[in-house]
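This report refers to the structure that appears directly beneath it.
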């Protein structure tokens, strides 16, 4: 019997959720903002539970989690944790950790693998729903912190950057038309 093709996905989730738990717990321990701390602790616990659930599923399928082969969502993880534990402001931490997305759903392709069994599919479905909820909770806190610090939230900066890029493209097109005339 061949190995399930979705093992790399499960492995990467297990590895990165473990790191997410560590990172968010470190931030919760370092912040003085009670509302932020509450959300960070909640999401940290959820990340840890996901890590254990996916590790367990890997074991049920006869495979161990392997950090070396996992997609690494967190680059320079140790340095990032050190920064999160520092006395940098929460707004500075938000600026360093928030990732403006491209607007695409990062989970949209998870079920493209038609060999996913019902047990793994159920686990992935719960994971996706909880990750989306965690994202909403964290974004609300990030936006609140940025507003309190008088900074523009990363999501708004991404929108502005996309708008500027669009305007630059239109300007380049107009210059091309003008020079061709």
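Tabulated results
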{"quantity": "Estimated inter-spin distance, residue 49 and residue 109, nm [label 7 Å along Cα→Cβ]", "calculated": "2.9"}
{"quantity": "Mean Cβ neighbour count within 10 Å, used as a protection proxy, ranking 14-27, 64-77 highest first", "calculated": "14-27, 64-77"}
{"quantity": "Alpha carbon convex hull of segment 7-150, projected area averaged over orientations, nm²", "calculated": "8.8"}
{"quantity": "Label point distance in nm, residue 77-residue 3, each placed 7 Å from Cα along Cα→Cβ", "calculated": "1.9"}
{"quantity": "Order of 63, 50 under a 10 Å beta carbon neighbour criterion, fewest first", "calculated": "63, 50"}
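Read-outs: derived from the displayed coordinates by stated rules, not from any lab. Remember, predicted model here, so these are calculated numbers, not experimental data. All Cβ positions, even for glycine, are placed from backbone atoms using ideal geometry, and neighbour counts span all protein chains on display.
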